[in-house]
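The values are calculated or read from the model by the stated rules, or taken from the named source; none is laboratory data. Fair warning: this is a prediction, and the values are worked out from it, not measured in the lab. Counting neighbours? That spans all protein chains shown, and the Cβs are built from the backbone with ideal geometry, glycine included.
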Amino acid sequence: MNTLQHPQNPRRCRICLVRHGETPWNAERRLQGHLDVPLNEVGHTQAEATARSLRGGRFAAIYASDLTRALQTAAPAARDLGLETQPSAALRERHYGLFQGLTYDEAAERHPDAYARFRAREATFAFPEGGESLADFAVRIDAALKALAHCHLGEQILVVTHGGVLDIAHRLASKLPLEAPRDFPILNAALNWLEYDGDGPAWHLVAWGVQDHLASARDELPNA
């Protein structure tokens with residue numbers, strides 16, 4: 001079982017963050033962003049495995065991005081834990097603007113200057129055609145996770161979301177700057193545990209990239 005002990009401190013909230021299961025576009029190295037791509041067969045299998053690993057855990061609530069791939073991943077856990085998934089647009093992936101729907105290779109070939117800025121993790125660079133900057137995305141995710149944590153101090157919750165969201169969450173806890181290269185995994189359907197200290201306030205890493213319940217899992221690509 002991959003569940004952890006329920007937090008005893010009434011001023012802390014423990015969050016199990018799960019990236020959605022695999023989609024066809026993950027397998028194609030294609031940027032999804034806000035586009036609504038469902039799970040593939042592997043992704044559904046991963047979602048069931050994640051649900052089994054969380055059985056017996058004490059969760060006060062389940063939240064998920066309102067995109068289909070996150071809701072489909074959350075569904076088996078919600079069924080097994082007897083909870084209703086609460087969808088939230090605030091937990092969506094970063095909006096990649098005109099990159100959405102392109103593979104990484106296609107984005108690099110068609111928009112080399114923008115792709116270079118993306119790979120360099122320029123915090124203020126916003127993708128053309130409605131995309132978010134990394135800095136704005138980080139503000140959105142920090143606010144969304146803090147709001148959930150404050151609603152559940154003294155409790156443990158499950159949040160099913162996206163790779164970019166997990167990237168920001170890890171950096172909030174580890175203090176790794178937005179511009180720094182990623183040095184931690186972000187795997188489909190793995191378990192990632194954070195704790196929010198309401199007295200700090202501060203984020204703390206508890207465990208990251210737990211995947212022993214999975215036969216295989218793809219990392220978020222690339223390290224950007």
Residues being surrounded by fewer than 14 Cβ atoms within 10 Å (Cβ to Cβ) and among the polar types (S, T, N, Q): count how many of those fall in segment 171-222.
1
Confirm whether ARG52 is more than 19 Å from the chain's Cα centre (by Cα) and farther than 24 Å from THR124 by Cβ.
yes
Subset tally (residues that are over 22 Å from ALA90 (Cα atoms) and crowded, with 18+ Cβ neighbours inside 10 Å) for segment 31-46
3
Out of all the residues in segment 138-153, is one or more at positive phi, touching a residue at least 12 places away in the same chain (Cβ under 8 Å), small (Gly, Ala, Ser) and touching a helix residue (DSSP H, G or I) at 6+ places or on another chain (Cβ under 7 Å)?
no
I'd like to check something: does segment 93-110 contain any residue that is within 11 Å of GLY33 (Cβ to Cβ), in a helix (DSSP H, G or I) and under 20 Å from the mean Cα position of the chain (by Cα)?
yes
Starting from segment 94-106, take each residue that is of a type in the set (Val, Ile, Thr) and list its partners that are modelled with pLDDT of 95 or more and surrounded by fewer than 18 Cβ atoms within 10 Å (Cβ to Cβ), counting only C-beta distances under 8 angstrom and pairs at least six apart or across chains.
THR103/GLU28; THR103/ARG29
Looking only at segment 81-121, and only at residues there that are acidic (Asp, Glu) and surrounded by fewer than 16 Cβ atoms within 10 Å (Cβ to Cβ), the one that is nearest to LEU145 (Cα to Cα):
GLU84
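So which residues in segment 163-200 are at positive phi and more than 10 Å from the chain's Cα centre (by Cα), if there are any at all? Outline the logic, then answer.
Looking only at segment 163-200, we keep the residues that are at positive phi, and these are 175, 189.
The answer is LYS175, and nothing else.
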Identify the single condition in (1) surrounded by fewer than 16 Cβ atoms within 10 Å (Cβ to Cβ); (2) out of contact with any His (no Cβ under 7 Å at 6 or more places or on another chain); (3) farther than 25 Å from GLN211 by Cβ that LEU134 does not satisfy, given that it satisfies every other one.
(1)
Single residue of segment 47-69 satisfying the filter (of a type in the set (A, V, I, L, M) and part of a helix (DSSP H, G or I)) that is surrounded by the fewest Cβ atoms within 10 Å (Cβ to Cβ):
ALA49
With farther than 20 Å from THR85 by Cα, touching a Lys or Arg at 6+ places or on another chain (Cβ under 8 Å) and not in a loop (DSSP other than H, G, I, E, B) as the only criterion, which of ALA138, ALA169 stands out?
ALA138
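So that you can scan it fast, the table gives a plain yes or no per residue for (1) aromatic (Phe, Trp, Tyr); (2) modelled with pLDDT of 95 or more:
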| site | (1), (2) |
| --- | --- |
| HIS150 | no, yes |
| VAL159 | no, yes |
| ALA169 | no, yes |
| ARG182 | no, yes |
| TRP193 | yes, yes |
| HIS204 | no, yes |
| SER216 | no, no |
